[in-house]
1. Taking the condition in contact (Cβ under 8 Å) with a residue 12 or more places away in the chain and within 24 Å of LEU292 (Cα to Cα), does SER133 pass?
2. In region 228-318, which strands (runs of 3 or more DSSP E) lie fully inside it and hold 2 or more residues that are without any contact (Cβ under 8 Å) to a residue 60 or more places away in the chain, assigned by TED's automatic domain parsing to the domain that holds VAL193 and out of contact with any Leu (no Cβ under 8 Å at 6 or more places or on another chain)?
3. Return only the number of the condition from (1) in contact with a Ser or Thr (Cβ under 8 Å, 6 or more places away or on another chain); (2) more than 18 Å from MET322 (Cβ to Cβ) that PHE271 does not satisfy.
4. Going residue by residue through region 322-336, is there one that turns out to be over 30 Å from GLY109 (Cα atoms), assigned by TED's automatic domain parsing to the domain that holds PHE256 and not charged (D, E, K, R)?
5. Determine which single condition GLY316 fails, assuming it passes every other condition in (1) out of contact with any Gly (no Cβ under 8 Å at 6 or more places or on another chain); (2) surrounded by fewer than 22 Cβ atoms within 10 Å (Cβ to Cβ).
Amino acid sequence: MKNVSIEFEKIRNQAKTLINQAQNLTTLETIRVDLLGRKGKLADLMVVLKDLSIEEKRTLGPLANQVKTELEELFQQKKNNLFNDSLRQEEEHYAGFDVTAYKTGHKKGSLHPYTQLTQKNIAIFTSLGFKISDGPEIETEFYNFEALNIPESHPARDMQDTFWIDVPGMLLRTHTSTVQIHTMQEGNLPIAVITPGRVYRQEATDASHDFMFQQLEGLVIDKNISMSHLLGTLKTWLHLIFNRNDLSLRIRPGYFPFVEPGIEVDVTCPFCTSGCSTCKKTGWIEMGGAGLIHPNVLKAGGINPEIYRGFAFGFGMTRLAMLIYGINDIRLLHSNDKEFLKQF
């Protein structure tokens, strides 16, 4: 029993010395594990108590508990002191730190060209009194074709043009004109809306073609609407989108089933005065199609063509982005190439 008592005293004295000498929390934790841990020296000595007599246990038991409690309190006190010393040293280290002296590195980002162009178009047309409308990208034959005066025999229904899905009569919209019918069916006249959005066509992908691209559709319906309203709107938009007041329009006859008469719109090249690669040395850039809404389309939308008239236009936002930002390959717009996107 005497030997066991001496061992307890040795552990107590050794632990006090080591704990008091510890200079950091890591060293202190190592001491705790070695002396006070579940497999430490004190725990090993506690096992010896099981083999002692009852009288010896009555004597050494309280001593063992006293040593354990004393060392645990000493350890916790030392731990608190070291922790407070660490905080104090850190405060002293940063006492003269000026947070305004420099800026840490920060991540840079920018809006995608599509997003920039969409926001600019929305700002222009809302300033002209238009609202923004949207519609589903998966459509029925009725909204994509029939309601837009495209008969079943029209080439646009051929498989090389349209992505049909497994559900009969359903497809990925080939133009944003589908939103025209949805908007008309709401019955809130007069109407002045634009619809920016994605469309899908079965195209062989190359530098100037893609199976998915962006369109901008415009629709105005009211009483006494004429071609002059359409041309005035387009001219104002083109001046604002290119930030040029000296651009002229050239109108050519065009066929689109959902408008009558239909026109194709060209604009004088905003990038040159005598011909360049962008306008292919012609001085003109083709912008898209437009026209007065066909009476059959008005009827499909639930609007009386005897009372109301309207105009519609549709332009490729992808082509417009390529023109404005000087992008020579349409595939770059969907590439997620950081070096390309950093330019914008």
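The values are calculated or read from the model by the stated rules, or taken from the named source; none is laboratory data. Note that the coordinates shown come from a computational prediction; the quantities given were computed from them, not determined experimentally. Every residue, glycine among them, receives a Cβ derived from its backbone with ideal geometry; neighbour counts consider all protein chains shown.
1. Working: in contact (Cβ under 8 Å) with a residue 12 or more places away in the chain: yes; within 24 Å of LEU292 (Cα to Cα): yes.
Yes: the conditions hold for SER133.
2. Values: elements: 249-253, 259-268, 284-293, 309-316.
Here the list reads 249-253, 259-268, 284-293.
3. (2)
4. Of region 322-336, the ones over 30 Å from GLY109 (Cα atoms) are none.
Looking through region 322-336, none of the residues is over 30 Å from GLY109 (Cα atoms), assigned by TED's automatic domain parsing to the domain that holds PHE256 and not charged (D, E, K, R).
5. (1)
For every residue, the table says whether it meets (1) in a loop (DSSP other than H, G, I, E, B); (2) under 16 Å from GLN14 (Cβ atoms); (3) at pLDDT 80 or above.
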residue	(1), (2), (3)
ASP34	no, yes, no
LYS57	no, no, no
ALA64	no, yes, no
LEU74	no, yes, no
GLN77	no, no, yes
GLN89	no, no, yes
LYS108	yes, no, no
LEU111	yes, no, yes
TYR114	no, no, yes
